[in-house]
Each structure stands twice: as structure tokens, then as C-alpha cells.
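Peer 1: Pasting a structure here, questions to come.
The values are calculated or read from the model by the stated rules, or taken from the named source; none is laboratory data. Everything quoted here is computed from the prediction, not taken from an experiment. Note: ideal-geometry Cβ built from the backbone for every residue, glycine included; neighbour counts use all protein chains shown. Ligands, DNA and RNA are excluded from the accessible area calculation, which covers all protein heavy atoms including side chains. Shrake-Rupley method; radii C 1.70, N 1.55, O 1.52, S 1.80 Å.
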Amino acid sequence: MAQGVFVITEQRDGEFRKVSFEAVSEGRRVADGLSTDLTAAVLGSGIEGIAGELGKYGADKVVAADDQSLADYTTDAYTNVLAGLIKSLDPAVIILGATMQGKDLAGRLAARLDAGVAMDCVAVKLEDGQLTYTRPMFGGKVLADVEIEGTPQIVAIRPNVMTITEKSKDCATEKPAIQVGDVKTAILEKIMDTGDKVELTEADIVVSGGRGTGGDFAAVEELAAALGAAVGASRSAVDEGWRPHSDQVGQTGKVVSPTMYVACGISGAIQHLAGMSTSKYIVAINKDPEAPIFSKADFGIVGDLFDMVPAIAEEIKKIKA
Amino acid sequence: MEIVVLLKQVPDTESMISIADDGVSIKKEDIKWIMNPYDELAVEEGLQIKEAQGGTVTILSMGPQKAIEAIRTALAMGADKGVHINDPATEGSDALATAKILSAALKEIPYDLIIAGHRAVDEDNYQVAAAVAEFLGIPQVSMVVKTELGDGKIKCHRTFEGGSVVVEAALPAMITTQRGLNEPRYASLPGIMKAKKKPVDVKTAADLDVDPASVGTANRKVKIKTLRFPPERQAVQMIEGESPAEIAAQLVKVLHEETKII
Ligand SMILES: Cc1cc2nc3c(=O)[nH]c(=O)nc-3n(C[C@H](O)[C@H](O)[C@H](O)COP(=O)(O)OP(=O)(O)OC[C@H]3O[C@@H](n4cnc5c(N)ncnc54)[C@H](O)[C@@H]3O)c2cc1C
Ligand SMILES: Nc1ncnc2c1ncn2[C@@H]1O[C@H](COP(=O)(O)O)[C@@H](O)[C@H]1O
């Protein structure tokens, strides 16, 4: 019988992404609930040294697939290696982050393992041995509580939602034999963003600008810098060419779930809300008191963003000084 | 170049979603239906590649009778023909079953390149394309923002959190779209007229040798137990004051005391 929880972590250039700790922490909670073991997997090249970090969040065991061919993510190599590990471990539940990598991997693994996937979950509940996963559908207009039939069950968790809990375990790292197998893709080039830009989907705070900025993002950037936040944008701001596509938040952009989302000069169209409605706190600054964003916000300011946003940045700097 | 675009009809993103009486599905009657926005990018990319390289663009869609509207829209944009899997037995299929049916259909359609959306904005599953690629045993590159074809290969630029990569995949391959790849064209009036005459093959699960007992709502692996609306936020707290500085100070105070973020 399939048993145990298996977490697929994500690292880049030898550093775990935050969602990995969220996934291991959630995995620990599920494993405790099911009175079973938690194995975490890390794939990459030269990653054996970081593997032990996962013990801090409650992994009983770490399997490190360390191979030159796994240095950068490719669907085929990662699927082959993970499917091999999963077949030999036979876990009941597989948890991974619903990141770009996780979303790419989950569907492929599901088809290989004939498993159901609960994608982009915002809550996992265990009752009488039965796991229920909550996931937004229709751009977050509804929440679905779903169960998965059979094993393994694959759960992809929305980044920034699950709590990271430290729970130190005596954790051994194993280096299993792996099968990289047939690979039909090759990474020709990798370009990392420069600077210490905070990644949108991982940021604790996001400050976004819309058409109301008129293309001048200086105030938005200044507030983001003061808060250590990532900068996002509405589709209108992207369509105008003011911001790159990768900054777009919404139904046809990124889904973010920060602790605080600050919308500056954004009206609050339904497609924009689809990308940020699971934020814990929403602050809206808009000169139109009737703007729909206010009906979804926790805190609102009616005013010109060019006056308000710099004033808030000043105040933040004062408090942080 | 034989190009197949996977296309789904979904509720308009503006639609109000209401939960049906069964508590596990949505009311479909009063909704306006559109082509999934990510699939619009897929159709456009297919057409641009065809225009540069020659070939055909075939639209493959599974959905109820009205899904033909989305197929016709793609044909009006310039796609050559359609395959419509229209069978009540397949309705409500989950992502894995959908992928099984689509890949069964793809056994009978020639392809060098399959283009799908990164996600359908209904169930937001982000899975069908990857699962189809797996069932067909072809490589996939997802969230592509630029393609270059040549020499039995496709070179794709794909972005990820914090960077981007150039990935090369051997054809036949599957790619999925995201915004930034292209700007989808509108169907022209002559295009709409021509689309009416373009062939659309209609198939059932039985035509594709798919066991009806493995698909549809009843056979979902991912079972929806309940649909509900997200909890309402508390009423907005408006921050007011005499000057921007005063309002800013008030906001930061509230954020500091109530949310403890700052
Ligand atoms: C299929 C589809 C998908 C879409 N996907 C997305 C998506 O992923 N993300 C997205 O964001 N949108 C998306 N949209 C577009 C969406 O419908 C809206 O058009 C868009 O979000 C509006 O952007 P905005 O709020 O910046 O602009 P507007 O709606 O024009 O609002 C600008 C706001 O700024 C305020 N303002 C103006 N000047 C100032 C000032 N000086 N100070 C303060 N406030 C000011 C105005 O009062 C107004 O409320 C999509 C649309 C469709 C049809
Ligand atoms: N019923 C369907 N018919 C044709 N293509 C589909 C269907 N469902 C999903 N797809 C394709 O798979 C992509 C991802 O869908 P999903 O995994 O449901 O989010 C879509 O953008 C389509 O390209």
C-alpha cells in the first residue's frame, strides 16, 4: 500500500526557493496527521550540501538527485528522475510548489503516474484520514474543495500561502541511483535577472501600478524599495509598454499572494483581482472614490497617487530608520 | 509544418459565476463563452508559423455543441480545419481524462508542433498540455514567449521567476503560451465568411476508442466535493486626513498596529 509523504523541492543555483520550505512544512503537517514519514527530494547539480537544510522543516529523510544533467530544470530529465524515485518509494501524497516549474512538472508526472493533481491549492485539510484540498477556480471567483481518488495524490501548493514551520528532525541524506533517461530538450542559454529585484510570486509585499501612473512608475518603485517589495503592474500598464509582461498581475499574468498588496492607480477589474485576491491585506490608492478596487480592499485612500505614494514612502522610511 | 492547436471554450473572464444547485458545478446558462485567452495566443502563433513556413493549422477542441463557436472563431482567424470532440459522455472530465481523450484524437491527426494554452481560465488546471505531451511521448516547453523554428527543432524562450531560458526541443513537440508571445489578430469579415466553409470533423469518445467509463464527471480522479464563494473581506477601512503626509502617517500607523507588516 502506498504510504508516506513525498515533497519535491525547488532550488536554483544551490539555493532553495522559499516555496520549498512551505511545501516541506505542509508535508510535515500532513505526514503527522497520517502518522507517516516525510521524504523530501532535491534535484540539481552540486546540491548535496544544501540537502540537509530540509531537515529543519521536518523532513525525515532527504533524497538528493545530484547530477550534471539536472543542473537546470528540464521537464523530461526531472520527470524521469522523479518518476523513478516515486515508483520505488510509493508515496501516498506528493507535494510540490505551484511555481512555473511545478506547474510544468505536475501535469507530466500525473500522466506518467496516472495520478490526480490538485493544482494551485491554498489549503489542505485532513479529516478522518481523508485529505481535502482547496483550490481557486475561475480566477478565484469560486473555491473548490476537492478530493483525489487513488494514489499517489499530487498537490501543488500556491506559493506564499502555507506557513513555514521549523521542526528540526534528525534527517539523513541519501543519494539514490537515478535514471535521467531519454531527454529531448536542451537548455541553450540561461539569463538571470540582474540586481536584487524581489521576485513577484515570492514577495511578502507587492506594490503595483496601473494606468493611473500615466507611465511614471517612480513613486511606485520608491515605495516598493522602502518596503522591500516587488513591483507589479496591471495589464493596461503592460499594454502601454510601461512595464514588461513578467510584471503583469492577473488572470493572464501572474498570480500573487503576498501578505500585503498595494494597488496604485488600478481600477480593480475582475481580471486583475484574479491575480491578487488571495493577498492577506489589500491597500488601494485611487483618486476615484467609486473605483471597484475599494470594494475588495482592506484599506483605502482616495487621492492622487503622485501625492499619496511618495508621502507613504517617506513615512515608511521614517519608521524603518 | 503540421500544426495542431488545442483550444477550449471557457466562460468570459467578465462573467459572474454562480454555483449550480448540485453545489459542485457552475450555472452554465447565463454565461457568455469565449475562446480561452491563452488559446488565442496559441492560434496566433500557429498562424504566424504557418505564414512563415507553410503548412496547416488544425484546431482540436473538446467541448459541448456550443464550443463550435470558438472553433469557428479560430478558423475565421485563419486556421484551416477543425476537429470537435462533442460527446456528452466526456463532459466534466478532469484534466487527466481530457488529456487522454485529446491524445487519442491526436493519433489520427498529423502534427509536427502542438500549441496549447498554459492554462484554461475555467478550472485553472495548468495540466492538460503537459499530460497530452506525456501521453504522446513528445517533449514540452511551457510558458513560451518567443519561438524560432529550424532543422527539425524548435527553439523557445521561456521565462521563469527571476530569469529566462532558451530551450531547444526536438520536433514533434508541445509548447504552451503566455502573454508576451504575440498579439492575437481579430477575425476579419472575409475570414468569418470563409470559416463557414472550412471543414470541422465531429468525433465521439467511441470514434476515438476511448472507454466512456474512464471519462466524464462520474470518473474524475479529482472529485469536486463543494464549490463555494471565497470569504468576503471586511468592509474597507478608508484612511482620511488633511494632507497626504497626515494620511500617510495614519495608514502606516494602522498597518503597523493592525497588520504588523511594517
Ligand atoms: C481576457 C482578458 C484578460 C485580462 N487579463 C488581465 C490581467 O491579467 N491583469 C490585469 O490587470 N488586467 C487584465 N485585463 C484587463 C482588465 O480588464 C482591465 O482593463 C485592466 O486591469 C485595467 O487596468 P488599470 O486598472 O491599470 O486601468 P484603468 O481601468 O484605466 O484604471 C486606472 C485607475 O487609475 C485611477 N487613477 C488615474 N489617475 C490617478 C492618479 N493620478 N492617482 C490615483 N489614481 C488614479 C483611475 O481612477 C482608475 O481607477 C484582462 C482583460 C481581458 C478581456
Ligand atoms: N477540452 C479541451 N479541448 C481542447 N484543448 C483543451 C481542453 N482542455 C484544455 N485544453 C488545452 O490545454 C490548455 C491548458 O488547460 P488546463 O490544463 O485545463 O488549464 C488549454 O489552454 C488548452 O490549450
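Peer 1: Could you pull out the residue among B:45, B:40, B:29 that is over 23 Å from residue A:275 (Cα atoms) and in contact with a strand residue (DSSP E or B) (Cβ under 9 Å, 6 or more places away or on another chain)?
Peer 2: B:45
Peer 1: Would you call residue B:170 facing chain A (nearest Cβ under 7 Å), away from ligand 2 (no atom under 13 Å from the Cβ) and farther than 30 Å from residue A:231 by Cβ?
Peer 2: yes
Peer 1: How about region B:62-76: which of its residues are in contact with a Lys or Arg (Cβ under 8 Å, 6 or more places away or on another chain) and within 16 Å of ligand 1 (Cβ to nearest atom)?
Peer 2: Matches in region B:62-76: B:70 only.
Peer 1: Taking the stated definitions as given, is residue A:123 among the aliphatic types (A, V, I, L, M), out of contact with any Leu (no Cβ under 6 Å at 6 or more places or on another chain) and closer than 13 Å to residue B:99 by Cβ?
Peer 2: No: the conditions fail for residue A:123.
Peer 1: Moving to a separate point now. Assuming residue B:86 fulfils every condition listed in (1) in contact with a Pro (Cβ under 7 Å, 6 or more places away or on another chain); (2) of a type outside the set (A, V, I, L, M, F, W, C); (3) open to solvent by 40 Å² or more (accessible area, probe 1.4 Å) apart from one, which condition is it?
Peer 2: So the condition that residue B:86 fails would be (3).
Peer 1: Follow-up question, since we're still on this one. Since residue A:114 meets every condition but one in (1) within 15 Å of ligand 2 (Cβ to nearest atom); (2) open to solvent by 10 Å² or more (accessible area, probe 1.4 Å); (3) more than 17 Å from residue A:11 (Cα to Cα), which condition does it not meet?
Peer 2: Of everything listed in (1) within 15 Å of ligand 2 (Cβ to nearest atom); (2) open to solvent by 10 Å² or more (accessible area, probe 1.4 Å); (3) more than 17 Å from residue A:11 (Cα to Cα), residue A:114 misses just condition (1).
Peer 1: Still on this structure, I have one more. Across region A:203-232, what is the number of residues that are open to solvent by 30 Å² or more (accessible area, probe 1.4 Å) and touching a Pro at 6+ places or on another chain (Cβ under 6 Å)?
Peer 2: Number satisfying all stated conditions: 1.
Peer 1: Going residue by residue through region B:38-48, is there one that turns out to be within 12 Å of another protein chain (Cβ to nearest Cβ) and either in contact with an Asp or Glu (Cβ under 8 Å, 6 or more places away or on another chain) or in a loop (DSSP other than H, G, I, E, B) (or both)?
Peer 2: no
Peer 1: To continue, here is another question. Which pairs have Cβ atoms under 7 Å, sit 6 or more apart or on different chains, and link a residue in region B:5-26 that is within 15 Å of residue A:141 (Cβ to Cβ) and assigned to a strand (DSSP E or B) to one that is more than 13 Å from ligand 1 (Cβ to nearest atom) and of a type in the set (S, T, N, Q)?
Peer 2: Final answer for the pair search is B:26/B:18.
Peer 1: With the condition kept exactly as written, say whether any residue in region B:139-148 is away from ligand 2 (no atom under 11 Å from the Cβ), in contact with a helix residue (DSSP H, G or I) (Cβ under 9 Å, 6 or more places away or on another chain) and on the phi > 0 side of the Ramachandran plot.
Peer 2: Among the residues of region B:139-148, at least one is away from ligand 2 (no atom under 11 Å from the Cβ), in contact with a helix residue (DSSP H, G or I) (Cβ under 9 Å, 6 or more places away or on another chain) and on the phi > 0 side of the Ramachandran plot, which makes the answer yes.
Peer 1: From B:70, B:74, grab the single residue that is touching a helix residue (DSSP H, G or I) at 6+ places or on another chain (Cβ under 6 Å) and open to solvent by less than 20 Å² (accessible area, probe 1.4 Å).
Peer 2: B:74
Peer 1: Can you give me the number of residues within region B:144-169 that are free of Cβ contacts under 8 Å to residues at least 24 places away in the same chain and not in a loop (DSSP other than H, G, I, E, B)?
Peer 2: Count: 14.
Peer 1: Additional query: Condition (residue is more than 10 Å from every other protein chain (Cβ to nearest Cβ), in contact with a Pro (Cβ under 7 Å, 6 or more places away or on another chain) and open to solvent by 20 Å² or more (accessible area, probe 1.4 Å)) applied to region B:112-129: is it met by at least one residue?
Peer 2: The answer is yes; a qualifying residue exists.
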